[in-house]
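Notes follow the structure.
Here, each number is a calculation from the coordinates, and none is a lab measurement. If you're wondering where the values come from, they're calculated on a predicted model, not measured in any experiment. All Cβ positions, even for glycine, are placed from backbone atoms using ideal geometry, and neighbour counts span all protein chains on display.
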Amino acid sequence: MKKFILLSCLFFTSMNLVAQSSGRKEMKDKIRILKVEFITEKLNLSSVEAEKFWPIYNAFDRAYMELRHKKLKGLKDNLNKEINTISEAEALSKLNEMTAIEDELVQLKRSFRYKLESVISIKKILLLKIAEDGFNRRMMDKLKRRSKEQQRQ
């Protein structure tokens, strides 16, 4: 009987985790769709421009997220756990590693810009930056409003 209860608990816990992860994936997909719509509207891309622009943008976005979230965030998360126990030499090594990742991000952005210059105008590249910042600001505002609403309840 104890085994059955234990297996049942494990099953329902794993199902809950799967549901949460698929919920996060759905949320990420919704945000990505909203972002594409927002950028497309702000840049007013022609069909020829859009056909060339989106593969470049999507490849950049994947590479940027991988560097920023997986590598840099992972390094910072581990550092938070280790900060009180590492030596000065280890701290310097971690700092150099963080700087190297940040340099990679800058190089990635520079490469992205050069690729875009052959597809859309410089003005539209600036509009892209403004649109991305505007979209991110809107998402943060929505999160803040949602958080305040949840605190009131």
Computed helical MRE - 222 nm, the chain, DSSP H runs ≥ 4 contributing -39500 (n - 2.57), nearest 500: -31000 deg cm²/dmol
Over 18 Å (Cα to Cα) - which of K25/K76; K76/K144; K70/K124; K30/K142; K109/K129 fall in this group: K25/K76; K76/K144; K70/K124
Residues E37, E104, sorted so that the one with the fewest Cβ neighbours within 10 Å comes first: E37, E104
Alpha carbon convex hull of region 82-153, volume per residue in cubic angstrom: 123 Å³
Taking Y64, Y114, Y57 and counting other C-beta atoms within 10 Å, the order from fewest to most: Y114, Y64, Y57
Compactness of region 15-152, expressed as Rg and Dmax over alpha-carbon positions, Å: 18.8, 56
Student exercise, the chain dipole from Lys, Arg, Asp, Glu Cβ charges, in Debye to nearest 20: 700 debye
